[in-house]
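All of the numbers you see were taken from the coordinates with simple rules; none came from a lab. Keep in mind that this is a model prediction, so the values were computed, not measured. Glycine also receives a Cβ, built like all others from the backbone with ideal geometry; neighbour counts cover every protein chain displayed.
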Amino acid sequence: MKKTIKCMAIDDEPLALEIIETHISKFDNLNLISKCSNAIEALEFIKSDVPDLIFCDINMPEISGIDFAKAIKDKNILVVFTTAYSEYAVEAFSLDALDYLLKPISFERFKKAVERANEYFEFKNLTTQPLSELADGHMFVKADSRMVKINYEDIWYIEAFADYVKIYTSEDKRIVTLQTMKKMEQSLPQHLFGRVHRSYIVALKKVEAIGVHDVKVGNKNIPLGKNYKDSFSEKLKTNK
């Protein structure tokens with residue numbers, strides 16, 4: 001049985017709210033608990049009842065959808081942006097947005113976002129404990145509607161991809177799973193892996209060379225972010 005997902009819709013356009021409400025009503029496991037015309041109203045509501053999923057416009061008065069998402073980032077609420085503007089997509093996904101829907105939002109496109117939400121909560125229920133604690137030496141991730149076992153020693157590097165991550169188990173083989181980079185980093189054994197960039201985690205034993213601006217893993221030159229360089233270099237020294 002699918003999890004009942006508590007939803008909130010935020011938009012300063014009444015017609016846009018009606019469309020979202022109509023789309024939500026077509027799913028048995030979606031429960032619309034609040035409709036708000038602005039982010040301030042939504043923030044006040046969240047103080048008493050926290051939704052699982054929020055459909056949020058971006059261009060709104062006083063507080064934008066982007067700023068609203070930043071304000072609730074520590075509450076672990078899934079956010080789907082609903083907007084008429086495509087130029088905010090990069091910033092939206094940097095906030096781990098589940099999806100980015102362009103208006104006018106068709107039911108078919110809305111359905112795909114809901115399917116992503118269902119996948120997320122299904123995966124979350126299967127792995128209520130950190131992935132690294134599920135078994136010694138390996139983890140399970142959901143890919144292609146099944147749980148896939150991945151041995152830590154087989155992982156070369158991990159790359160962020162919107163609201164997914166790509167786990168490379170060789171130079172040309174990868175497994176894609178719904179997961180934020182932050183949660184993936186927290187779940188991995190810290191003595192085996194290191195963050196080198198906001199978009200990359202590497203297996204320490206697979207590192208062949210480290211330069212000023214990059215790390216070599218196999219034939220792949222992975223960027224080394226300045227905010228990660230010192231901590232990563234120290235981790236390499238202590239995990240020889």
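Secondary-structure-derived ellipticity at 222 nm for the chain, considering helices only, amounts to -8500 deg cm²/dmol, per-run term -39500 (n - 2.57) for DSSP H runs with n ≥ 4.
So if R0 is 25 Å, what FRET efficiency would Lys75 and Glu41 give, r being the distance between their Cβ atoms, rounded to the nearest 0.05? The partial results should precede the final answer.
Working: r = 16 Å, r/R0 = 0.65.
Using R0 = 25 Å, I get an efficiency of 0.95.
At an R0 of 22 angstrom, the distance between the Cβ atoms of Glu13 and Lys183 translates into a FRET efficiency of 0.10. Since only Ile20, Pro104, Ile72 are under comparison, the one whose Cα sits farthest along the positive direction of the charge dipole of the chain, derived from C-beta charges on Lys, Arg, Asp and Glu, is Ile72. Computed from Cα atoms, the angle from the helix 229-238 axis to the main principal axis of the chain rounds to 50 degrees. Please work out which option in (i) 0.94; (ii) 1.01; (iii) 0.97 gives Rg/Rh (Cα atoms, Kirkwood Rh) calculated from these coordinates, and answer with its label. Structure-derived value, by its label: (ii). Segment Lys149..Lys226, full-extension length gain: 24.4 nm, with 0.36 nm per residue of separation and the alpha-carbon distance subtracted. Counted over the chain, the DSSP beta bridges are approximately 65% antiparallel.
Ordered by the count of other Cβ atoms within 10 Å of each Cβ, fewest first, Lys142, Lys112 give Lys112, Lys142.
The lysines whose alpha-carbon is closer than 23 Å to the alpha-carbon of Lys237, local same-chain residues fewer than 8 away aside, are Lys205, Lys206, Lys216, Lys220, Lys226, Lys229. Here the Gaussian network model covers the chain, with springs between Cα atoms less than 10 Å apart; of Leu98, Leu15, Leu30, Leu15 fluctuates the most. Across the range 176-193, rounded Karplus estimates of 3J(HN,Hα) from the backbone phi angles (6.51 cos²θ - 1.76 cosθ + 1.60, θ = phi - 60°) give 9, 9, 6, 5, 7, 5, 4, 5, 5, 4, 5, 7, 7, x, 5, 7, 10, 9 Hz, Gly and Pro being marked x. The angle between the Cα long axis of helix 107-126 and the longest principal axis of the Cα atoms of the chain comes to about 50 degrees, rounded to the nearest 10. Sorted fewest first by neighbouring Cβ atoms within 10 angstrom, Asp214, Asp52 come out as Asp214, Asp52. Amide H contacts under 5 Å for Thr177: Val165, Ile167, restricted to partners 5 or more places along the chain or on a different chain, H placed in the peptide plane at 1.01 Å from N. Quick one: if you stick a label point 7 Å off each Cα along the C-beta vector at Arg109 and Ser86, how many nm between them? According to this spin-label approximation, the distance is 1.0 nm.
The chymotrypsin sites (Phe, Trp or Tyr not before Pro) of the range 142-201 include none that meets both criteria, a DSSP state outside H, G, I, E and B (loop) and at most 16 other C-beta atoms within 10 angstrom of the site's C-beta.
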